[in-house]
Amino acid sequence: MELTGSILVLTGAFFLFSAGLGLLRMPDTFTRIQAGTKASTLGNILVLAGLGFYHPDWALKLLVVAYFVLMTNPLSSHALSRAAHAIRTPMAPSTMVDALREEGDRQGNGDVS
Amino acid sequence: MLELLVILICGSILVSGVLAVWLDNLMAAMVSAGLASLFAAVSYVLLAAPDVAMAEAAIGSGLSTLIFLYAIRRTGGGRE
Amino acid sequence: MGLPVSTLLMTTGFLLVLIGMWGILRHRNILRIIIGFGLFDTGLHIVMVATGYITGGTAPIIDTALGIEQATTRAVDPVPSALVVTAIVIGFSVTAIMLAFAIRIHDARKTLSIDALTESKW
Amino acid sequence: MKAASSLLAVLLFGAVFAGIVGGYGERESVSALAEQYLAMVPRELGAPNVVTGILITYRGFDTLGEVAVLFMVAAGVGVLLGGKDTTTASEPGREPRRPSELVGNGAEITLPLIFLFGAYVIKNGHLSAGGGFQGGAVVASGTMLLMLALPATKLNHGFLGVTESLAGVVYVGIGILGLVFAAGFLDSHILPLGEFGTLISAGAIPVISALLGVKVGAELSVIIDRFRN
């Protein structure tokens, strides 16, 4: 039981570490947001699951916390990257497609985003 | 171990406070002030005062930053 | 190792007060001065809570971790906590009033610099 | 010159603060007043959370004055900022951006949880960390999320005003009841103490805490909504 919990927490810590590494290594804003959010959501959920194995009587509270993380973490990064796109944050030179801007162009006004 | 955490929190509070006074961009200064408030909320938990931490996290770093945001918007984007 | 928790955090609070004071004295933009006041507030709150900490204390809430008999010896001082909870709300109110005046000044003068407000100087 | 005098002032204050910190050693035991509070609040008031007990009963008059200050701030900000409908002064020709559908839906999912958490914090104020001020602040944070994620929402100021006025009137009414049936103004012994550590216990503290939470939440929401338009 405790071993399972420890392994889960350790895996979560590894994912959180990779999120931090991604923040340092990625070239521009959008890829940084992507790296931070994806890896840290998984890492948080794994850490919470490991804690649930440690203290089974906290399970309900941990479930509520996990629900909150799942609801808010992707949403906040979506809002952040939308705002960054709206103020035309420069992208990395290797970016090929800007689907949001093309969508705005197709709807007739290039400024919407 | 606890001392290390306390020193880390103290350093974070001081760095965000200095940034809030020093940064040129008004929006960034406002966010730094909110960050200092958020780290202060963590320090209240370390000082065994969870009631204060809850109030500071909700008011100091949430609502104050929001009314600063609205004030900056109404006074023209922070340009002087 | 090192200094105790409350001394460290009290030093941090006083340093934050000094940083806020520097911001208040050196900046000319009203919104920046209000940010300085906010830092001043936060620093004083940290100092006040730090004065209530006792070595190895826990939160003053009686539950399974803190029996009703041990409360007087193991809990931290609740009086500064109760003071600071109200002080935080009042600090928010003061910030709101200052920002409202700043917005009105900007509406009337189209500037945020306090150098433009000379007629109320003595 | 100006920089030098500012630096001098800050350094003087720094010297005073250094003197204070240098003479301060971490305390080993609480003061006599705090010891009295820590012993009296659980026994006489039946509230496990000592901070809430102090805030609502021993310093109840101060808390009432505090709420009055908040009310005056809400009214003052309304006088200063209300009145005329100014649109944002900068960039007059620009349309406000369409809010993202994802953010709106997510806020609608999260908002009931936040309000529920606020109610939980208010109602459990005498059992665990929390109370009227903190719960009211959490409720106001929910309002903040509502205004950020769905900018088209209008707060009903009349309803909020009536709610917080009613809460204030009942607050003072409970205080006068304490004057009549118990020892003094805002005494919490007008209701039975009940079993220690359960939700319905500690006399009138949960009732006063709920009223305080409603009042603080409504007033903070009004203040931040005045700043929006």
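The values are calculated or read from the model by the stated rules, or taken from the named source; none is laboratory data. Computed from a predicted structure; not experimentally measured. Note that each Cβ is placed from the backbone with ideal geometry, even for glycine, and that neighbours are counted across all protein chains shown.
Annotations
- Residues in the stretch B:15-38 that are surrounded by fewer than 24 Cβ atoms within 10 Å (Cβ to Cβ), within 10 Å of the chain's Cα centre (by Cα) and among the hydrophobic types (A, V, I, L, M, F, W, C): B:VAL31, B:LEU35, B:LEU38.
- Pairs where the first residue, in the stretch A:60-89, is in contact (Cβ under 8 Å) with a residue 60 or more places away in the chain and the second is crowded, with 16+ Cβ neighbours inside 10 Å, C-beta under 6 Å, 6+ apart: A:THR89/A:THR29
- Residue among A:LEU21, A:LEU42, A:LEU46 that alone is part of a helix (DSSP H, G or I), over 30 Å from A:VAL97 (Cβ atoms) and out of contact with any strand residue (DSSP E or B) (no Cβ under 7 Å at 6 or more places or on another chain): A:LEU46
- Residue within the stretch C:69-88 that is crowded, with 18+ Cβ neighbours inside 10 Å, closer than 20 Å to D:VAL79 by Cβ and within 7 Å of chain D (Cβ to nearest Cβ) present: no
- Close contacts from the stretch C:80-106, counting a first residue that is free of Cβ contacts under 8 Å to residues at least 40 places away in the same chain and a second that is surrounded by fewer than 24 Cβ atoms within 10 Å (Cβ to Cβ) and among the hydroxyl-bearing types (Ser, Thr, Tyr), with Cβ to Cβ under 6 Å and a gap of 6+ residues or different chains, come to C:PRO80/C:THR51.
- Which numbered condition B:VAL15 fails, given (1) under 23 Å from C:ALA87 (Cβ atoms); (2) away from chain D (no Cβ under 14 Å); (3) not polar (S, T, N, Q): (1)
- Residue list for the stretch D:199-212, filter: free of Cβ contacts under 8 Å to residues at least 40 places away in the same chain and over 21 Å from the mean Cα position of the chain (by Cα): D:ILE200
Residues are listed down the side, and each one gets a yes or a no for (1) basic (Lys, Arg); (2) surrounded by fewer than 16 Cβ atoms within 10 Å (Cβ to Cβ); (3) modelled with pLDDT under 85; (4) touching a Phe, Trp or Tyr at 6+ places or on another chain (Cβ under 6 Å):
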residue	(1), (2), (3), (4)
A:LEU16	no, no, no, no
A:LEU24	no, yes, no, no
A:ILE33	no, no, no, no
A:PHE68	no, yes, no, no
A:ARG101	yes, yes, yes, no
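- Contact map, the stretch C:45-67: residues that are outside any helix (DSSP H, G or I) paired with residues that are polar (S, T, N, Q) and crowded, with 23+ Cβ neighbours inside 10 Å, Cβ distance under 6 Å, separation 6+ or inter-chain. Pairs shown: C:TYR53/C:SER6; C:ILE61/D:ASN49.
- Some residue of the stretch D:38-54 being at pLDDT below 85 and over 30 Å from D:PHE196 (Cβ atoms): no
- Filtered by the rule that a residue be at the interface with chain B (Cβ under 8 Å from one of its Cβ atoms), in contact (Cβ under 8 Å) with a residue 24 or more places away in the chain, hydrophobic (A, V, I, L, M, F, W, C) and over 20 Å from C:LEU99 (Cβ atoms), the stretch C:12-42 gives C:LEU15, C:LEU16, C:ILE19.
- C:ALA116 being in contact with a Lys or Arg (Cβ under 8 Å, 6 or more places away or on another chain), among the aliphatic types (A, V, I, L, M), more than 10 Å from chain D (Cβ to nearest Cβ) and surrounded by fewer than 23 Cβ atoms within 10 Å (Cβ to Cβ): yes
- Total residues in the stretch D:28-53 satisfying the condition of being buried (at least 18 other Cβ atoms within 10 Å of the Cβ), at the interface with another protein chain (Cβ under 7 Å from one of its Cβ atoms), not in a loop (DSSP other than H, G, I, E, B) and not polar (S, T, N, Q): the figure is 6.
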